[in-house]
Amino acid sequence: MSTQPQPPIDRETLADCETLVADLARAGRAAQRVLARMDDAAKAQALRSAAAALRRNAPAVLAANAQDIAAGEARGLPPAMLDRLRLDDGRLEGMAAAVEAVAALPDPVGEVISRSTVPSGLDLARVRIPIGLIGIIYESRPNVTADAAALCVRAGNAVLLRGGSEAVRSNRAINAALTEGLAAAGVPAEAVQLMPTQDREAVGAMLRAAGLIDMIVPRGGKGLVERVQNDARVPVLAHLDGICHTYVHSAAEPEMARSVALNAKMRRTGICGAMETLLLDANFPAPHAIVDALLDAGCELRGDLRAQAIDPRIAPASANDWDTEYLDAVLSVAVVDGLDAALDHIARHSSGHTDAILTADAAAAERFLAEVDSAIVMVNASTQFADGGEFGLGAEIGIATGRLHARGPVALEGLTTYKWQVRGTGQGRP
């Protein structure tokens, strides 16, 4: 913890931010009431209009992103953060396509979760409804602006977005395009609002806005999530570190294990589903092939003593390495004595995000699925599939690693709650 003295709070700035957030929240809540009255077809059409506007405004979005990249390089942002920040034609098209994919999903609002008649004769139904106004605080990834807007609108929610300063120009350009398209289709512009200031006090004001903001979703580094969880007076749907493990079981098929492990780490090192620890079973017959593939791909390996014995290029791991989300071409490697040891290592060091086993042993796979307590548990697949789009959810707001309300990729269902609808025929309680 820093021992540096903290600057005094500027009371005038604090009051200004409280007023700003309150004004934006009230406008968002009013817009949400309009949005909640729109039917499935109208919301879907509004998102298709937003995707079209995003494509029309692609030159402006990419120009804004180029300014953010240049500013980030000048600030010395690490390569992984620059990769998350960078947009190109392909990524922008993917963003627009994700908005369209959300439009094509079934509307969760109005779904009857359960229905029954109780002995009194009352007909009881649990019906899915929007949460209301959702605040999303995020870093680096400008695609979150589009994903969050699309998911919230589809589920009937308004959203107040606060992106990181490193992506401020990109986020403003994306938001302008989206709201242009949404407004053209009848959605109030205030249903999707981007915080107009990067003042950190505005984040604090969002976290204190109980009664105005219904839920906060933080998406970013550990420092951001910890601040939100510590300071929030609003319910929080949190995403902690992505310390993802891949365990290569003794019965893993060697070529599949090499290919999947390489993909799990090196496809994109800066995403939360990237493997950060590789566990090699002591009886796996081909550890050298996996280690060589990773090293040849430019990955730095840090291992325990038995892992170092596999290849002299593996550096020694520190105690902190097993609890580190690198988000870079760095990987911890440990050799373990069987499934029990792998499960124990994961229980001690996993962040509860995504963990995988590679094996041809069905019994070992089923035990791993049952005993690993993470939001996503995989068999014979790369942890990089930990993504709402890959799960058929269209897009995601984040991977929730807690146990309440929503877990894993948070998409439409995770952005709804429910209410009880009770229908009677004149009953009075005896």
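Every number here is computed from the coordinates shown, using simple stated rules; none is lab data. In this text the structure is predicted, and so the values were computed from the model without any measurement. Cβ sites come from the backbone with ideal geometry, for glycine too, and all protein chains shown count toward neighbours.
So here's what we get for this one:
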read-out: Of H288, Y247, M266, farthest towards positive along the dipole that unit charges on Lys, Arg, Asp, Glu beta carbons give segment 244-385; value: M266
read-out: Relative frequency of Cα-Cα separations exceeding 24 Å in segment 244-385, percent; value: 17
read-out: Cut-off 11 Å, label 7 Å out along Cα→Cβ of A184, residues of segment 144-162 by amide N; value: none
read-out: Gain on full stretching of the segment that runs from E93 to A36 - 0.36 nm per residue minus C-alpha separation; value: 17.7 nm
read-out: The chain: DSSP helices with Cα axial extent of at least 27 Å and average Kyte-Doolittle hydropathy no lower than -1.0; value: 11-36
read-out: L62 paired with E413, simple spin-label distance in nm, labels 7 Å along Cα-to-beta-carbon; value: 3.8
read-out: FRET efficiency, A210 to V379 (Cβ-Cβ, R0 51 Å, nearest 0.05); value: 0.75
read-out: Amide proton proximity set for A286, modelled H, under 5 Å, gap of 5+; value: none
read-out: Only Lys, Arg (+1) and Asp, Glu (-1) charged, at Cβ; the chain dipole about Cα centre in debye; value: 1720
read-out: Segment Q421-D323, extension gain: residue separation times 0.36 nm, minus the distance between their alpha carbons; value: 30.7 nm
read-out: Projected label distance in nm at A341 and S114, using a 7 Å step from Cα toward the beta-carbon; value: 4.5
read-out: Reachable lysines, given that their alpha-carbon falls under 25 Å from the alpha-carbon of K43 and they are not under 8 places away in the same chain; value: K419
read-out: Assigned charges on the beta-carbon of Lys, Arg, Asp, Glu; segment 244-385 dipole about Cα centre (debye); value: 320
read-out: Segment S165-N230, length gained on full extension (0.36 nm per residue, minus Cα span); value: 21.2 nm
read-out: Burial order of peptide ranges 381-392, 131-142, 419-430 (average beta-carbon count within 10 Å, highest first); value: 131-142, 381-392, 419-430
read-out: Convex hull per residue volume in Å³, alpha carbons only, for the chain; value: 184
read-out: Leading residue at positive end of dipole, the chain (Cβ point charges), from L301, A341, A101; value: A101
